[in-house]
Amino acid sequence: EGEVARLDRHRQIDLEIVRRSDKAKGFEILPKRWIVERTFSWLIQSRRLIRDHEVCMDHSKALIHLSMSRRMLARIAA
């Protein structure tokens, strides 16, 4: 939460942090959480994005865009 809160706010994006309930016992589906987890699993399929090799944030962003573009192109071609 702390690192995310310090990000530049040059875009008009509202960030909502979804926390697990203190009363929850065992597994509980959190709203919108599956979208994030699914996207992370797609990104991990790109070998370069498995580890944090990039020092510069712009390089990481570029690789994420490249990975997701490749995924979208594959879906269009299928």
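The values are calculated or read from the model by the stated rules, or taken from the named source; none is laboratory data. Because the structure is a prediction, the values reported are computed rather than measured. Please note: Cβ atoms are built from the backbone with ideal geometry, for glycine as well, and neighbour counts cover all protein chains shown. Only protein heavy atoms, including side chains, enter the accessible area calculation; ligands, DNA and RNA are left aside. Shrake-Rupley method; radii C 1.70, N 1.55, O 1.52, S 1.80 Å.
Shown in residue order for the stretch 22-30 are the 3J(HN,Hα) couplings computed by the Karplus curve 6.51 cos²θ - 1.76 cosθ + 1.60 at θ = phi - 60°: 5, 7, 5, 10, x, 7, 9, 6, 9 Hz (x for Gly and Pro). For the stretch 34-39, putting each phi into the Karplus relation 6.51 cos²θ - 1.76 cosθ + 1.60 with θ = phi - 60° gives couplings of 5, 5, 5, 4, 5, 5 Hz, in residue order, rounded to whole numbers and with x for Gly and Pro.
Given R₀ = 25 Å, what would the calculated FRET efficiency be for Q45 paired with A24, taking r from the Cβ atoms and rounding to 0.05?
Working: r = 30 Å, r/R0 = 1.21.
Result of the calculation: an efficiency of 0.25.
Surface composition of the stretch 14-75: carbon plus sulfur atoms hold 58% of the accessible area, using a 1.4 angstrom probe and ignoring ligands, DNA and RNA.
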